[in-house]
Amino acid sequence: MDTRIIERINELKKEKNAVILAHYYCPGEVQALADYVGDSFYLAKTAKETDADIIVFAGVRFMGESAKILNPDKKVLMPDMKADCPMAHMATTEQIAKIREEYPGVAVVCYVNSTAELKCASDVCVTSANAARISGALPNKYIYFIPDQNLGRHIAKTATDKEFIFNDGYCPIHNDLREDELLQTVSEHPEAVVCSHPETRECILRHSDFIGSTSAIIDYVTRSDKKEFIICTEIGIEYELSKNNPGKKFYFAGGRCVCADMKLNTPEAILDVLENENNEVILSGGILQKALVPLERMLELGR
Ligand code: 13P
Ligand code: SF4
């Protein structure tokens, strides 16, 4: 990578008191230059705690929005405004209102991979790292889980005293992973441990030795004394996995789990927003106020 880009990014960060947050699905060179790299929960917590004036969020739109909601007085910049998560739009406020009418006392549990508008209509946010714990701790009998049906169905298996109502959203990247592809990879590497993200479908999860968020997968692999792993999640995680585990081998089932939106975050795009302070996340005062409630509840319950 062009070292001049990195040098200029570092100069601007100092000059403007800016911080760069990046998700594990970003390109490796972006993870290498970021100040903080992590899963969705860690990044939301970090965004809340930072004392920087500018947050550059290398991720997708809902992540930038959450950072802004948690820091309304700070400038949150997205390296590329087109980086959006399709799943974030796979529920509607009309559906939520209908379910609230049908199931009085229902808790609307909203995966952070959702628009700010959906968060406003929800009771609590969750990430894949805390969805089971938070849903299980709620006093409500009925839980409407939006937008990801795969994560919802996975956590419903543990919260057996609850009745779940599912939505039909999904991550197009994880949902595409097929059972036959995984079984083919397993037959090629019979000694490998299968680690999967809960956004994959049940046909993948049932063959998995470990299921968890991106950082939970990284922790599990790093602590394991096994040498080979089949990873069922987005390919960007390979950067941190390989960095922390030089002697271990990683195979990606299907070989095509790539989130094109996350890959829009490039060093050049980061430099551009730092220079020009463009691509700012702007939300109305009403949205900022309403969406803060379920996000703060998550940070509180997820502690
Ligand atoms: P986590 O990093 O929280 O596991 O999230 C996965 C994801 O799809 C983010 O878009
Ligand atoms: Fe959205 Fe899936 Fe990309 Fe994550 S990997 S940002 S859930 S499309």
**Prompt:** Would you say Ala32 is over 17 Å from Met81 (Cβ atoms), open to solvent by less than 10 Å² (accessible area, probe 1.4 Å) and either in contact with a Lys or Arg (Cβ under 6 Å, 6 or more places away or on another chain) or at pLDDT 95 or above (or both)?
**Reply:** no
**Prompt:** more than 17 Å from the chain's Cα centre (by Cα), assigned to a helix (DSSP H, G or I) and touching a residue at least 60 places away in the same chain (Cβ under 8 Å): does that describe Val273?
**Reply:** yes
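Yes/no matrix, rows are residues, columns are (1) outside any helix (DSSP H, G or I); (2) away from ligand 1 (no atom under 16 Å from the Cβ); (3) open to solvent by 40 Å² or more (accessible area, probe 1.4 Å); (4) more than 19 Å from Pro86 (Cβ to Cβ):
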{"residue": "Ile173", "(1), (2), (3), (4)": "no, no, yes, no"}
{"residue": "Thr185", "(1), (2), (3), (4)": "no, yes, no, yes"}
{"residue": "Asp219", "(1), (2), (3), (4)": "no, no, yes, yes"}
{"residue": "Asp225", "(1), (2), (3), (4)": "yes, yes, yes, yes"}
{"residue": "Gly255", "(1), (2), (3), (4)": "yes, yes, yes, yes"}
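How many residues, within region 250-302, are more than 26 Å from Cys171 (Cα to Cα) and of a type in the set (D, E, K, R)?
Taking region 250-302 as the starting set, the residues that turn out to be more than 26 Å from Cys171 (Cα to Cα) are 268, 271-278, 284-286, 289, 300.
After this cut, where a residue has to be of a type in the set (D, E, K, R) as well, the list is 268, 272, 275, 277, 300.
Within region 250-302, residues that are more than 26 Å from Cys171 (Cα to Cα) and of a type in the set (D, E, K, R) number 5.
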**Members of region 187-207 found to be closer than 20 Å to Cys259 by Cβ and not in a helix (DSSP H, G or I), listed by number** = Cys195, Ser196, His197, Pro198, Glu199, Thr200, Arg201
**Message:** Here is a check on your reading of the model: is Lys68 out of contact with any helix residue (DSSP H, G or I) (no Cβ under 6 Å at 6 or more places or on another chain) and over 25 Å from Arg303 (Cβ atoms)?
**Reply:** no
**Request:** Take the residues in region 197-210 that are more than 11 Å from ligand 1 (Cβ to nearest atom) and touching a strand residue (DSSP E or B) at 6+ places or on another chain (Cβ under 9 Å), then tell me which one is most open to solvent (accessible area, probe 1.4 Å).
**Result:** Asp209
**Asked** Here is a list of conditions, (1) away from ligand 1 (no atom under 13 Å from the Cβ); (2) out of contact with any His (no Cβ under 9 Å at 6 or more places or on another chain), and Leu118 meets all of them except one; can you say which number that is?
**Response** (2)
**Request:** Could you list, in sequence order, all residues of region 67-86 that are open to solvent by 10 Å² or more (accessible area, probe 1.4 Å) and assigned to a helix (DSSP H, G or I)?
**Result:** Lys68, Leu70, Pro86
**Request:** Test each condition in (1) within 12 Å of ligand 1 (Cβ to nearest atom); (2) open to solvent by 30 Å² or more (accessible area, probe 1.4 Å) for Glu191 and report the one that comes out false.
**Result:** (1)
**Item:** Residues (in a helix (DSSP H, G or I), without any contact (Cβ under 8 Å) to a residue 12 or more places away in the chain and under 11 Å from Pro72 (Cα atoms)) located in region 284-303
**Value:** Gly285, Gln289
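Going residue by residue through region 41-54, is there one that turns out to be more than 29 Å from Cys232 (Cβ to Cβ), in contact with a strand residue (DSSP E or B) (Cβ under 7 Å, 6 or more places away or on another chain) and of a type in the set (Asp, Glu)?
Going residue by residue through region 41-54, those that are more than 29 Å from Cys232 (Cβ to Cβ) are 48-54.
Narrowing further to those that are in contact with a strand residue (DSSP E or B) (Cβ under 7 Å, 6 or more places away or on another chain): 50, 52-54.
Pick out the ones that are also of a type in the set (Asp, Glu) and you get 53.
Scanning region 41-54 turns up at least one residue that is more than 29 Å from Cys232 (Cβ to Cβ), in contact with a strand residue (DSSP E or B) (Cβ under 7 Å, 6 or more places away or on another chain) and of a type in the set (Asp, Glu).
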**Prompt:** Only one of these conditions is not met by Leu151: (1) assigned to a helix (DSSP H, G or I); (2) farther than 26 Å from Lys68 by Cβ. Which number is it?
**Reply:** (2)
**Asked** How many residues, within region 257-282, are open to solvent by 30 Å² or more (accessible area, probe 1.4 Å) and within 14 Å of ligand 1 (Cβ to nearest atom)?
**Response** 5
**Request:** Considering only residues that are small (Gly, Ala, Ser) and under 20 Å from the mean Cα position of the chain (by Cα), look in region 160-207 and name the one that is farthest from Ala253 (Cα to Cα).
**Result:** Gly169
**Hits in region 240-253 - residues which are more than 23 Å from Gln184 (Cα to Cα) and crowded, with 18+ Cβ neighbours inside 10 Å** = Glu240
**Prompt:** Which residues, counting only those in region 5-60, are without any contact (Cβ under 8 Å) to a residue 40 or more places away in the chain, within 16 Å of ligand 1 (Cβ to nearest atom) and assigned to a helix (DSSP H, G or I)?
**Reply:** Leu43, Thr46, Ala47
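The values are calculated or read from the model by the stated rules, or taken from the named source; none is laboratory data. Bear in mind the structure is a predicted one, so any value in this text is a computation, not a measurement. Note that we place each Cβ from the backbone using ideal geometry, even for glycine, and neighbour counts take in every protein chain shown. Side chains included, ligands, DNA and RNA excluded: accessible areas come from the protein's heavy atoms. Shrake-Rupley method; radii C 1.70, N 1.55, O 1.52, S 1.80 Å.
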